[in-house]
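Student: One structure, as structure tokens, below. Some questions next.
The values are calculated or read from the model by the stated rules, or taken from the named source; none is laboratory data. These numbers were taken from a predicted model, which means no experiment stands behind them. Quick reminder, even Gly has a Cβ in these numbers, built from the backbone with ideal geometry, and neighbours come from all protein chains shown. Accessible surface areas use protein heavy atoms only, side chains included; no ligands, DNA or RNA. Shrake-Rupley method; radii C 1.70, N 1.55, O 1.52, S 1.80 Å.
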Amino acid sequence: MKLPVKVQIKQISKAELMKSHRFEEVLGYCQHCSNYNKNHSCPDFSFEAEALLMPFNYATIILTQIDSEPIRNNWDQMTAAMFPSRIIENYVKEEDEELPLASVISMFAFEEIKNQMADRLLSLEKQLDSALSIPPGCCTRCHSCTKNDGKSCVYPEKLRYSLEALGFLVSDIYIRYFDLELGWASEELPKRFCSCSVLMTNARINEEWIRTEFSDLFMELYEN
């Protein structure tokens, strides 16, 4: 089963993006996450978001959405084994811990799109004179991050930081620019799976070009 991904684009100034910067508030959320200070893409950092973003003037926000109705329509056929992901491996700390199926599917969906977005954003960076990609979520390229062993990142050229990691309140971005308010219920699937990425640039870029670059995204579900 292949589910199409709806993509919405909104290009704003960096000053506008910074209105959603709530470093202290978001850092508090991060500190309660099991990845805090254990992943090179997650806080605590030796730099500030303002310094990282200083060279850029514009932010192209890329919102992805996947309708979960096809999954809900086939719910009786779904099992957790169909939805493996490294997010689940990082989240589940006890071998006998069992997550609700809705949570398992949501994590799988997020990682499937996150990985595609991260790679495509890196590709777009190379096509522009100066750009920085901000993919959704923490990095899961490695089974276990080398930060846990006090070692440098294995893929430094691919290491990027999410909006949340940099202190942005993503729920505010959803509401402010897409009139979208998200809720979370671990026992039920959301109506849609969403993720938010940003491409920082010096100058404005063609939104239609960006939209075309992501027009063929999809999420594939594996058979049991």
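Student: Checking the conditions here, which among CYS153, CYS139, CYS194 is more than 18 Å from the chain's Cα centre (by Cα) and not in a helix (DSSP H, G or I)?
Tutor: On inspection, the qualifying residue turns out to be CYS153.
Student: Are any of the residues in the range 164-172 modelled with pLDDT of 95 or more, part of a helix (DSSP H, G or I) and more than 13 Å from the chain's Cα centre (by Cα)?
Tutor: Within the range 164-172, one or more residues are modelled with pLDDT of 95 or more, part of a helix (DSSP H, G or I) and more than 13 Å from the chain's Cα centre (by Cα).
Student: What are the residues in the range 173-184 that are part of a loop (DSSP other than H, G, I, E, B) and either of a type in the set (D, E, K, R) or open to solvent by 50 Å² or more (accessible area, probe 1.4 Å) (or both), if any?
Tutor: Passing the criteria: ASP179, GLU181, LEU182, GLY183, TRP184.
Student: If you check ARG141 against the conditions, is it open to solvent by 30 Å² or more (accessible area, probe 1.4 Å) and under 16 Å from ILE61 (Cα atoms)?
Tutor: no
Student: Looking at SER34, is it in contact (Cβ under 8 Å) with a residue 40 or more places away in the chain, loosely packed, with under 12 Cβ neighbours inside 10 Å and part of a loop (DSSP other than H, G, I, E, B)?
Tutor: So SER34 fits the description; yes.
Student: Exactly one condition in (1) more than 14 Å from ILE62 (Cα to Cα); (2) in contact with a helix residue (DSSP H, G or I) (Cβ under 8 Å, 6 or more places away or on another chain) is not met by ARG192; state its number.
Tutor: (2)
Student: Within the range 197-224, how many residues are in a loop (DSSP other than H, G, I, E, B), under 29 Å from ARG72 (Cβ atoms) and open to solvent by less than 60 Å² (accessible area, probe 1.4 Å)?
Tutor: Result for the range 197-224: 3.
Student: Please specify each residue of the range 51-82 satisfying the condition of being touching a residue at least 24 places away in the same chain (Cβ under 8 Å), farther than 29 Å from LYS191 by Cα and not polar (S, T, N, Q).
Tutor: Hits for the range 51-82 are LEU52, LEU53, PRO55, PHE56, TYR58.
Student: Take the residues in the range 99-117 that are in a helix (DSSP H, G or I) and open to solvent by 30 Å² or more (accessible area, probe 1.4 Å), then tell me which one is nearest to MET78 (Cα to Cα).
Tutor: Only one residue fits best here, namely LEU101.
Student: What do you reckon, is SER144 free of Cβ contacts under 8 Å to residues at least 60 places away in the same chain, part of a loop (DSSP other than H, G, I, E, B) and not basic (Lys, Arg)?
Tutor: The answer is yes for SER144.
Student: Now for a separate question. Does LYS19 satisfy being under 24 Å from LEU199 (Cα atoms), in contact (Cβ under 8 Å) with a residue 60 or more places away in the chain and in a strand (DSSP E or B)?
Tutor: no
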